[in-house]
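Chemist: Have a look at this one before I ask anything.
The values are calculated or read from the model by the stated rules, or taken from the named source; none is laboratory data. Just so you know, these numbers come straight off a predicted model, no measurement behind them. So basically every Cβ, Gly included, is an ideal-geometry build from the backbone, and we count neighbours across all protein chains shown.
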Amino acid sequence: MTDNQYVYLDSKRLNDDRLCLLKDDDAYSFVADDSDDDHQNMQRQLSAARTEAQDQAVLLERAAVNGALLAQKYFQLEGDFDELQDKHHEAMALLTTYEGLLNELRNEKQETLRRCLVFETQIDRLSMGMRDADRRYAATQGMCTELQATVARVSSEREEALNALREAHDDATALQSVQHRLKTSLEALQQERRELQSYVTEKDTAIAHLTQQNKAARLTQSIQSQKIQRLEQTVADLEAQTSDMTDHLAATYDHIDALEAQARTMAQQIADMKAAKATPSAHFEPVPVPPATSLPPPLAMAVLVLWLSSRRASVRKSPTWLGVLSATVSKPQWYMPIVHQAWTQRAF
């Protein structure tokens, strides 16, 4: 049985071959027709009640199977939900790591730009110093031309100018070296920038893919939550139906017990009546035809009923007095000797 298959219940009568209906027997031909009909009706009701109880039991078993399947499906979906939640947490942690790396790359980019600005500022300052040196050299040459008389002073100044020129030359050489190093650094930075741009592009693609997976996981989680809610509602409805059907089954079993007790009572009464018919001489004395009485028949019958009720007389293996009275009216050839014997013994 798969996860999506359920046991569908129907109201068809099951186990019809288990019905046990009582058949008529020639031995019960002496019983009144209305008593036979009542007994057969009661037997049919009892059989129908048993069949209905069996149907209810089968329906309850199938409902229990459905409940077990739904519970198993619920626990399986709950495990899937936990796995999806763990995957979601891992994806969120990976996304946080990628965001931290991206922030670090941005900070490194800002630092590189700042260093480039510092190097440009140094280059500008060195260029200004070189121009100043050129101006000083021109001034020194003019001073040498104008102050040839003062050779010592001019020589010293020339020496100072030469020293300044050497320093400027050294500065120019250092500046050229710095320019070369700066050019090399700029090329390395550009290469690193291109690599970083490629790395950032790959990470952006991965982040977009992870975002799409996160959206799909959220949608799947929402669908699974809705399915779990529907399954929980179905399980609650089945539990309520199972409780109602259990109460109804208990009431049905009580009714069946009452019907069985009543059927046993009627069967005992029928057996007693059969025994009374089979041996009438063992219980009743042969009496002559009842003598004529001065009381009218209805009044005499009423007096007999009152006397039997007041004395609570009992005849061995006989039904109740109201049953004797009704049977006397319907079958006088069987019960009239009993009534006549009671009549004569009490001297009515």
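Chemist: Among the residues that make up the range 275-291, is at least one of them at pLDDT 75 or above and surrounded by 15 or more Cβ atoms within 10 Å (Cβ to Cβ)?
Modeler: First pass over the range 275-291, keeping only residues at pLDDT 75 or above: 275-276.
From what is left, the residues that are surrounded by 15 or more Cβ atoms within 10 Å (Cβ to Cβ) are 276.
Yes, the range 275-291 contains at least one residue that is at pLDDT 75 or above and surrounded by 15 or more Cβ atoms within 10 Å (Cβ to Cβ).
Chemist: Contact list please: Cβ distance under 6 Å, first residue in the range 110-131 and farther than 23 Å from HIS169 by Cβ, second residue surrounded by 11 or more Cβ atoms within 10 Å (Cβ to Cβ), pairs at least six apart or on different chains.
Modeler: As it stands, the answer is THR112/LEU189, since those pairs meet every condition given.
Chemist: Going through ALA206, ALA216 one at a time, which residue ends up being assigned by TED's automatic domain parsing to the domain that holds VAL65, in a helix (DSSP H, G or I) and in contact (Cβ under 8 Å) with a residue 60 or more places away in the chain?
Modeler: After applying the criteria, what remains is ALA206.
Chemist: Also: Quick check on this structure: which one of LEU126, LEU77, LEU95 is aliphatic (A, V, I, L, M) and more than 19 Å from ALA217 (Cα to Cα)?
Modeler: Result of the check over LEU126, LEU77, LEU95: LEU126.
Chemist: Of a type in the set (Asp, Glu) and surrounded by 11 or more Cβ atoms within 10 Å (Cβ to Cβ) - does that describe any residue in the range 70-78?
Modeler: Scanning the range 70-78 turns up at least one residue that is of a type in the set (Asp, Glu) and surrounded by 11 or more Cβ atoms within 10 Å (Cβ to Cβ).
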